[in-house]
Every structure is written in C-alpha cells, then in structure tokens.
Amino acid sequence: MYFKILMLISFLFYTSINAQNIDSITRKLEILTEKELFNGSIAIVKEGKVIYSRNFGFSNPNQKIPLQKTSYFKIGSITKTYTATIILKLIERKKLSLNTTLDLFFPEVVNARRITIEMMLRHRSGIHSYTNEERYFQYFSKPTRTEEILKEIYSYPSDFEPDERFEYSNSNFFLLGLIAERITGKSYCELISNVLPKNLHKEMICCGGICIQEIVPSFIKTDSLWEKASETYMNVALGAGNLAATAASVGLFYDRLFCKKDLLKDENIEKMISFRDGVGMGVFKIPFYQKNGYGHSGGIDGFTSLAVYFPDDNVTAVLLSNCITDVSLNDVAIGVLSSFYGIPHSFNLPGSYIPEESILNAAVGEYRSNDLPLEIKIYRERNKLYAQATGQSAFPLNAESDNKFTFKQAGIVLEFKELSEGRYRGFILEQGGYRFQYLRK
C-alpha cells in the first residue's frame with residue numbers, strides 16, 4: 001500500500017505459450033527460493049482458466065513452515081482496483097456519478113467542493129496522503145477509529161489544486177471506501193462480498209482489524225535472518241490496502257473484470273482504463289515495446305504484490321510475496337513473464353559487489369533532512385548496510401558501488417556524499433523521481 005512499485009517490462013518478441021515456457025518459470029523461481037531471494041505465490045490466468053499456479057517457499061521462513069494452497073497474502077494497493085470497481089458499480093446504480101463532489105460526504109477536506117469522485121479515482125485530487133506523515137507510524141499498527149484518521153486528513157493542506165496533476169495518495173481510496181459505506185449503509189467488507197461472484201469472494205479476506213490466522217505473516221530479510229514485519233491494523237488501510245487473497249483469486253478477478261467483462265458495464269470498464277499520464281481508475285498503464293498492459297502493484301508491512309492484465313493476449317499475471325529480499329518483486333515479474341513468453345532472460349542477482357569494511361563503516365550513522373520529517377538510521381550487520389526510517393521497519397541496502405546503495409522493492413537509491421575523516425557527511429535519497437538531501441546528525 002505504502003510503497004508504490006510500478007513495473008516497466010520490455011518484450012523483445014512474442015512466442016507461443018507452451019509447456020517448456022511454463023517449466024522455465026518453475027525452474028527460475030526454485031533457484032530464487034533456494035537462495036532465499038523469493039518467497040510467495042504466482043498465478044497466471046488466461047480467458048477464465050488458471051494455467052499456472054504455484055507457491056514457493058514458506059509462510060514462516062524462520063520455522064520452515066511451507067506455504068499452503070490456501071495461504072492468503074495481503075495484496076496491499078491492488079485493493080484499489082477492487083475499490084474502484086465498487087465505486088463504478090454504484091455509479092451504474094445511479095447512487096453516485098464521476099462528477100459528484102467530495103463536499104457531499106466530507107466537506108471538512110480542503111477543496112472538497114472542487115474535488116470530484118473521478119479526481120480521487122485518478123489520484124488528481126490534491127488530497128495529502130495520510131500515510132506519508134511521520135505521525136502515521138505512531139498509530140498504523142494500533143486499533144484506530146475511522147474518525148481519528150479523518151481528523152488527520154482534514155488537518156492537511158492541499159498538495160496542489162484539484163485536477164492540476166497526478167500524485168499518488170492513499171487518502172483518496174480511504175475516503176472512497178468510506179463513501180461507498182455511507183451510500184449503501186453496508187461495511188466495505190460486505191460490499192466486496194456483493195460485488196464479487198461467490199467463487200471469487202470465497203478466496204478473498206477483507207480485514208477490518210487484525211487479519212485472521214489464514215493470512216501468512218510477513219518478513220524482511222536482514223542479512224541471514226528473517227525479521228517479522230510490523231502488522232498494520234487493517235481498518236487504517238480501508239479501501240486502499242485492507243484485502244488479502246490467493247494469487248489465483250486475484251487473477252480470476254482481473255480476468256472477470258477485463259476479459260470476460262461481466263463485473264461492470266463496458267462503458268465503465270472503458271472509463272477505468274482510459275489513462276491520463278498513465279493513470280486510470282484503480283489501475284496504472286504498464287507499457288511494453290509493442291504491447292500495453294494495465295494493473296496495480298502493492299506493498300504493505302512485509303508484503304509486496306503485482307497484478308497485470310495484457311489485453312492483447314487475455315492473460316493476467318499475479319505475483320504475491322510475504323518476504324522482502326534483495327530481489328524486488330518487479331525483477332521476479334520480469335523473469336516470470338520472460339519465461340512465459342519465451343524470452344531469454346537471466347537474473348542479475350545481488351551480492352556480487354561487497355564494499356570494503358571501511359566504506360560500510362563510513363556510512364553508519366543517523367541522518368536528518370530539511371525536506372522530509374523522517375530521520376534515517378544507517379547501521380551495519382556483517383557485510384551489509386540497513387536503513388531504518390523513524391517508526392518503520394528496517395530494510396536491507398544492496399551495494400552497487402562504494403557510495404551507491406539501493407532498495408529496489410521501494411525504488412529507493414541512496415548515494416553517499418563527501419567522505420571525510422572516515423565518515424560520509426550525508427547522502428541523497430532518490431525515490432519516485434524525487435531527490436532528498438540527508439545530512440549526518
């Protein structure tokens with residue numbers, strides 16, 4: 001939910017799908033699993049049929065408890081595709097329109113009279129994302145009332161004028177989930193059950209608080225150890241990231257929505273996939289050399305996820321993982337899809353570059369920025385650096401050179417600057433096209 005991971009895959013050529021290609025997927029992922037670089041579930045759906053579905057690794061890698069066929073994963077921001085479907089369904093029932101303004105429901109939000117439902121669906125509202133604030137990390141894992149989160153959102157100034165530009169904000173879909181509840185008098189979880197065919201919502205878990213036992217825990221790899229990730233109290237992520245599912249059920253949902261097209265009217269599906277700046281309603285465009293797909297990615301706690309539909313082939317691919325490792329889910333997806341389409345591919349596995357101890361020690365310390373409210377601690381375990389922002393779980397940094405380190409799962413690049421007397425003075429943090437300067441405290 002909180003790290004937005006978009007994927008760009010280049011298809012050099014297209015070949016027919018065959019058993020050899022499917023076998024190649026399994027071989028590649030078995031290698032990654034053996035090296036503890038992937039842990040999760042893969043499903044590929046074509047025209048209503050699950051043509052590939054397999055779990056790799058463990059529900060708990062510390063205890064070596066294997067994943068089960070019925071293991072559920074939190075799907076993070078893929079939830080937004082479901083929320084958009086609910087909203088468009090309400091529009092079909094004349095309960096709402098794309099031009100309805102937010103002041104009818106939440107007049108306390110800045111610019112509410114000028115913000116439409118469509119702007120929120122496309123992340124063009126200017127409503128500040130409550131998950132971007134340092135304070136969010138003080139309450140995200142605790143039972144938190146909806147009214148408290150609304151007060152947070154009301155307190156923020158607008159990031160920009162409505163419809164001025166795109167900027168991803170979890171506040172948009174949190175509010176959309178609440179709007180759907182207010183219109184219908186039903187809970188978000190009831191609405192999910194109603195909008196999905198029975199065979200699909202049986203493999204979907206809608207979480208209101210702490211998710212039930214069937215959902216696997218999530219972990220972050222720290223050196224040779226697996227650290228259990230913090231757990232979001234899921235009411236905090238309502239409409240934006242509070243669903244859990246199997247990979248196959250997500251694939252079948254996308255197939256019903258975009259291939260069979262029986263969840264929404266054609267006109268609303270077309271609106272959903274009409275893109276502005278690569279952004280649709282609850283989906284993003286995923287470009288290829290000669291193809292275009294669309295879908296959504298997600299990240300919440302230690303879970304990462306990706307669902308993408310390719311209209312030219314009527315194929316949906318879904319990847320869900322409960323463990324953050326040195327190989328991003330984006331890179332795993334490239335490997336899976338390359339094998340599926342018969343494209344030569346090999347993984348560029350991490351760990352090939354290890355800086356000298358003096359370089360690692362030079363980066364260790366605590367840093368602050370005038371651009372962001374989050375302080376970042378850099379620490380070392382053996383031959384690896386880790387970063388931990390205020391109130392968040394630590395994550396591993398992969399060395400690409402003596403002063404450049406990355407965390408690909410979140411698109412983060414840290415470039416250390418000014419080595420003096422055995423210590424770096426600071427670093428530049430890059431993420432999502434933004435650059436932030438950090439200096440040693």
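If you take the residues of the range 227-285 that are of a type in the set (F, W, Y) and within 20 Å of T304 (Cα to Cα), which of them is surrounded by the most Cβ atoms within 10 Å (Cβ to Cβ)? Spell out how you get there, then give the answer.
First, the residues of the range 227-285 that are of a type in the set (F, W, Y): 233, 253-254, 258, 275, 284.
Checking the rest, the ones that are also within 20 Å of T304 (Cα to Cα) come to 233, 253-254, 284.
On the way: Y233: 18, F253: 27, Y254: 24, F284: 23.
Out of the qualifying residues, it is F253.
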- Does the range 404-422 include one or more residues that are closer than 22 Å to K221 by Cα, crowded, with 17+ Cβ neighbours inside 10 Å, touching a helix residue (DSSP H, G or I) at 6+ places or on another chain (Cβ under 8 Å) and of a type outside the set (D, E, K, R)? yes
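Could you say whether any residue in the range 90-97 is in a helix (DSSP H, G or I), touching a residue at least 24 places away in the same chain (Cβ under 8 Å), out of contact with any Pro (no Cβ under 8 Å at 6 or more places or on another chain) and β-branched (V, I, T)?
Yes, the conditions are met somewhere in the range 90-97.
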- Item | Residue that is surrounded by the fewest Cβ atoms within 10 Å (Cβ to Cβ), among those in the range 298-327 that are polar (S, T, N, Q) and at pLDDT 95 or above | N314
- Message: I need the full set of residues from the range 179-227 which are closer than 30 Å to I324 by Cβ and either of a type in the set (F, W, Y) or in a helix (DSSP H, G or I) (or both), in order please.
- Response: Y188, C189, I192, L200, H201, F219, W226
- Message: With the condition being within 28 Å of the chain's Cα centre (by Cα) and in contact (Cβ under 8 Å) with a residue 40 or more places away in the chain, I'd like the strands (runs of 3 or more DSSP E) fully within the range 323-441 carrying at least 2 qualifying residues.
- Response: 365-368, 376-381, 384-389, 395-399, 423-431, 434-440
- Selected residue (only one of S77, S59, S141 is part of a strand (DSSP E or B), within 26 Å of A244 (Cα to Cα), in the same structural domain as V332 (by TED's automatic domain parsing) and not aromatic (F, W, Y)): S59
- Query: Any chance the range 33-44 includes a residue that's modelled with pLDDT of 90 or more, assigned to a helix (DSSP H, G or I), out of contact with any strand residue (DSSP E or B) (no Cβ under 6 Å at 6 or more places or on another chain) and crowded, with 19+ Cβ neighbours inside 10 Å?
  - Reply: no
- Among R124, R27, which is modelled with pLDDT of 95 or more, in the same structural domain as L225 (by TED's automatic domain parsing) and either of a type in the set (A, V, I, L, M, F, W, C) or over 23 Å from N194 (Cα atoms) (or both)? R124
- Task: Could you tell me whether any residue of the range 266-282 is in contact (Cβ under 8 Å) with a residue 60 or more places away in the chain and within 24 Å of S41 (Cα to Cα)?
- Result: yes
- In the range 148-169, what residues are in a loop (DSSP other than H, G, I, E, B) and in contact (Cβ under 8 Å) with a residue 40 or more places away in the chain? Y156, P157, S158, E161, P162, D163, E164, R165, F166, E167, Y168, S169
- Does R380 fit the bill of being in contact with a helix residue (DSSP H, G or I) (Cβ under 6 Å, 6 or more places away or on another chain) and either within 25 Å of F303 (Cα to Cα) or aromatic (F, W, Y) (or both)? yes
- Members of the range 111-128 that are surrounded by 19 or more Cβ atoms within 10 Å (Cβ to Cβ), free of Cβ contacts under 8 Å to residues at least 60 places away in the same chain and over 20 Å from K94 (Cα atoms): A112, S125, G126, I127, H128
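The values are calculated or read from the model by the stated rules, or taken from the named source; none is laboratory data. These figures come from a predicted structure and were not determined experimentally. Neighbour counts are summed over all protein chains in view; Cβ atoms, including those assigned to glycine, are modelled from backbone coordinates with ideal geometry.
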